[in-house]
Amino acid sequence: MNYYKYYKSIILICLCFLAVANANAQSDWEIPEKEQENVSFIMFDDDMILEGSIAYENSCTSCHGTPGQDDYMPMAPSPGDLASDQFQEQKDGTIFYKIKKGRGSMPKFEDVFADDETWNIVAYIRSFNKNYKQPIPDLGGIIIPEYKLKLDFDENVDKLVVKVFSKEIPQAEVDVSAFVKGMFGKFLLGKTQTNELGIAYLDIDPQLPGDAEGKLHIMVKASKGYGLAKLNQKMKMVQPTIHKSAIEGRHIWSTDEMAPIWLKTSFFITIFGVWTILFFIVIGFYNIKKAGREDLH
């Protein structure tokens, strides 16, 4: 029996199977038309883009790379550059659906991100398209409540107090999340819901670094159904923080005004001496080269 031909046939069958599987993996997405027409009921803003960038960085960058940089992973099917014209031609609902459902090597994120968090990612992706115009949703008679927020700080228990109203009526069971804005983004304080009085409480760590007046830049978001409200406010909640130079008190010349005259004199003499030595070294090389030429003659 010719085992060579037998093994060759098996290998050929396996290769054909892999080719078919790969072709199926690269086939077009099958997205219901209703899902394609899905749009955000919230207009994209800077806060949504910022939150979307954080979620994207944590969950999407490893495969898709940074939009506009063409640094996506070489995979089949290819993730592609999300800032490309080809990708940006897709509808918002299509992008939203793909993030939620996934396929093949792309995991589904419907159990990871809530709908509003998924729309944040869409908002971030759209921020790379200068020609993008967000479609206005057809509310179909749905009335979106207008929430108003009021923030207080209870220093006795170190808690942020968030009150949510709609037409002066306290709103219960509203989702509330609060962040502290810092130099490198946002720090999550916590998430909770309002009680029957429309009040939510979130813990504040008194060790958080504030400004010179002990204020923190608080960012609060309240949402329920299609209703959404945001509020940014600086509040005195922690001990004042005096920012100092990283080398202050550690280095003898941390400030020029405090440096003694002998140190300044020594510094300039040293600099002058170094440049003088370098000058003589250059002259020396020049003379050596010149002497070598004369010897040749």
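Just a few scattered comments:
- Residues being assigned to a helix (DSSP H, G or I) and farther than 19 Å from residue 65 by Cα - total across the range 93-116: 6
- Residue in the range 179-197 that is of a type in the set (Val, Ile, Thr), in contact (Cβ under 8 Å) with a residue 40 or more places away in the chain and either touching a Leu at 6+ places or on another chain (Cβ under 8 Å) or buried (at least 16 other Cβ atoms within 10 Å of the Cβ) (or both) present: no
- Any hit, the range 178-185, residues being more than 20 Å from residue 58 (Cα to Cα) and either of a type in the set (Ser, Thr, Tyr) or at pLDDT 90 or above (or both): no
- Residue pairs meeting the criteria (Cβ under 9 Å; at least 6 apart or on separate chains; first assigned by TED's automatic domain parsing to the domain that holds residue 78 and within 20 Å of residue 224 (Cβ to Cβ), in the range 26-50; second aliphatic (A, V, I, L, M) and in a loop (DSSP other than H, G, I, E, B)): 39/136; 41/139; 41/142; 41/144; 43/136; 48/42
- Test: residue 166 is under 29 Å from residue 200 (Cα atoms), at pLDDT 90 or above and in contact with a Pro (Cβ under 7 Å, 6 or more places away or on another chain): yes
- The residue that is modelled with the lowest pLDDT, counting only those in the range 134-143 that are closer than 18 Å to residue 45 by Cα and loosely packed, with under 14 Cβ neighbours inside 10 Å, is 136.
- Pairs where the first residue, in the range 118-133, is within 10 Å of residue 83 (Cβ to Cβ) and the second is part of a helix (DSSP H, G or I), C-beta under 6 Å, 6+ apart: 127/49; 129/88
- Hits in the range 62-92 (condition: assigned to a helix (DSSP H, G or I) and of a type in the set (Phe, Trp, Tyr)): 87
- Any hit, the range 220-230, residues being at pLDDT below 90, out of contact with any strand residue (DSSP E or B) (no Cβ under 9 Å at 6 or more places or on another chain) and not aliphatic (A, V, I, L, M): yes
- Screening residue 120 on (1) of a type outside the set (A, V, I, L, M, F, W, C); (2) part of a loop (DSSP other than H, G, I, E, B); (3) surrounded by 17 or more Cβ atoms within 10 Å (Cβ to Cβ) shows it passes everything except condition (2).
- Checked against (1) assigned to a strand (DSSP E or B); (2) under 22 Å from residue 43 (Cα atoms), residue 189 passes all but a single condition, namely (2).
- Pick from the range 64-77, criterion surrounded by 14 or more Cβ atoms within 10 Å (Cβ to Cβ) and at pLDDT 90 or above, ranking: nearest to residue 129 (Cα to Cα): 67
- Restricting the range 24-61 to residues that are more than 19 Å from residue 82 (Cβ to Cβ), modelled with pLDDT of 90 or more and part of a loop (DSSP other than H, G, I, E, B), the residue that is nearest to the chain's Cα centre (by Cα): 37
The values are calculated or read from the model by the stated rules, or taken from the named source; none is laboratory data. Note that the structure is predicted; figures quoted are calculated from it, not measured. Neighbour counts run over all protein chains shown; Cβ positions are idealised from the backbone, glycine included.
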